Amino acid sequence: MTRLARDLAALATMSPAQLRERWALVDASPAPSVPTPLLRRLLAQRLQEKRHGALPLLVVRELERVASASGTIAEPVRRQIALTPGTRLIREWNGRTIAVEVGESGFLWEDKTYRSLSEIACEVTGAHWSGPRFFGLRRHG
């Protein structure tokens, strides 16, 4: 394993204070005031830039030009998952297995038909959830 690979792997186990200390060593400046997961990513980027070099200025300028020319930020494309009748969705929740079957007119769970997966997720958890997210059909966000 290379030194860079070891340094990057070590970031995952560092406390926020250790990350700030490491930032000061790598960047010779105070760490930015950002959430810890973002600080880990930024520090990983700095370590990689030190090893492999930063993006060439020409590339940075082109990225900035393209970003400013569009004037808008594109929304991420969410892929739709087609659920056909007969499909079974299985999720474990607090030690309990939740098995839902996709039907012609809704979702069957515990001998009752629901209009949406979100209704089932709410019934299971007692809180409002995105049904597709609860059953792993969508990533976080």
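The values are calculated or read from the model by the stated rules, or taken from the named source; none is laboratory data. Being a predicted model, the structure only gives us computed values, none of them experimental. Ideal geometry is used to build each Cβ from the backbone, glycine not excepted, and the neighbour counts take in all protein chains shown.
Of all residues in region 4-23, those satisfying the criterion of being touching a residue at least 40 places away in the same chain (Cβ under 8 Å) and surrounded by 15 or more Cβ atoms within 10 Å (Cβ to Cβ) are Asp7, Leu8. Scanning region 78-107 for residues that are among the β-branched types (Val, Ile, Thr) and loosely packed, with under 10 Cβ neighbours inside 10 Å yields Thr84, Thr97.
Within region 48-67, the residues that satisfy the criterion of being closer than 29 Å to Pro16 by Cα and at pLDDT below 90 are Glu49, Lys50, Arg51, His52, Gly53, Ala54, Leu55. Checking each residue in region 108-140 for being touching a residue at least 24 places away in the same chain (Cβ under 8 Å) and either surrounded by fewer than 17 Cβ atoms within 10 Å (Cβ to Cβ) or part of a strand (DSSP E or B) (or both) picks out Thr125, Gly136, Leu137, Arg138. For region 103-136, the tally of residues that are of a type outside the set (Asp, Glu), at positive phi and over 20 Å from the mean Cα position of the chain (by Cα) stands at 2. Looking only at region 24-41, filter to residues that are under 15 Å from Leu4 (Cα atoms) and touching a residue at least 12 places away in the same chain (Cβ under 8 Å); which one of those is surrounded by the fewest Cβ atoms within 10 Å (Cβ to Cβ)? Restricting to residues being under 15 Å from Leu4 (Cα atoms) and touching a residue at least 12 places away in the same chain (Cβ under 8 Å), the top hit is Val26.
Checked against (1) surrounded by 16 or more Cβ atoms within 10 Å (Cβ to Cβ); (2) at pLDDT below 90; (3) among the hydrophobic types (A, V, I, L, M, F, W, C), Met1 passes all but condition (1).
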